[in-house]
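Worksheet: the structure to be examined is printed underneath.
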Amino acid sequence: CLAGLILPLASGSQLTGTVRDRDTTWMFLAGDFQIKGLEGVDLEHGDYLAVLMDTDCSHCRDAVFELNWLAEDQGLHGVVGLSSNGEEEIRAFQEELRVNFPIGQISREDFWRLLENGSVPRTFLVRDNVVERVWDVEIPGEDALIRVSPPTGG
């Protein structure tokens with residue numbers, strides 16, 4: 001178990017990845033894997049939805065409408081897609097479905113590691129590098145995001 005936790009950290013690629021800690025929460029750790037196409041997006045701070053997608057997946061295609069709505073809603077979190085498909089496939093997917101959020105390219109190995117035993121689209125609610133909640137296939141609605149929002153001071 002210890003080797004399984006240390007090896008990904010020691011391999012040191014570039015941007016972000018996931019590891020389960022002893023409390024079974026997920027952490028998106030800087031330096032765990034590379035993402036092409038999201039160079040201007042800060043994935044280490046703030047709140048956002050990260051969505052594992054495959055351009056050939058019918059559930060992913062069907063989810064774009066809801067994800068576009070969440071990406072446009074200024075009161076909610078930003079949305080970023082993560083896909084192991086090629087650049088041309090991602091670009092065609094974005095144009096055909098009029099995707100209005102960025103989709104970054106990750107390696108197939110990282111895609112499967114993030115997917116674990118889940119199903120695509122797999123949506124992670126990330127808050128300051130900590131995965132608060134994960135949805136498989138289902139795209140969270142505004143109500144679900146409000147329920148997991150942190151309490152506001154006052």
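The values are calculated or read from the model by the stated rules, or taken from the named source; none is laboratory data. Everything numeric in this text was worked out from a predicted model, so none of it was measured. In this analysis, Cβ positions are derived from the backbone assuming ideal geometry, glycine residues included, and neighbour counts consider all displayed protein chains.
What the table shows:
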read-out	value
Of all residues in region 111-140 being of a type in the set (Asp, Glu) and part of a loop (DSSP other than H, G, I, E, B), the one that is farthest from residue 70 (Cα to Cα)	116
Sole residue being modelled with pLDDT under 95, at negative phi and either surrounded by fewer than 18 Cβ atoms within 10 Å (Cβ to Cβ) or of a type in the set (Gly, Ala, Ser) (or both), chosen from 92, 71	71
Count of residues meeting criterion [under 24 Å from residue 116 (Cα atoms), polar (S, T, N, Q) and surrounded by fewer than 19 Cβ atoms within 10 Å (Cβ to Cβ)] in region 41-68	1
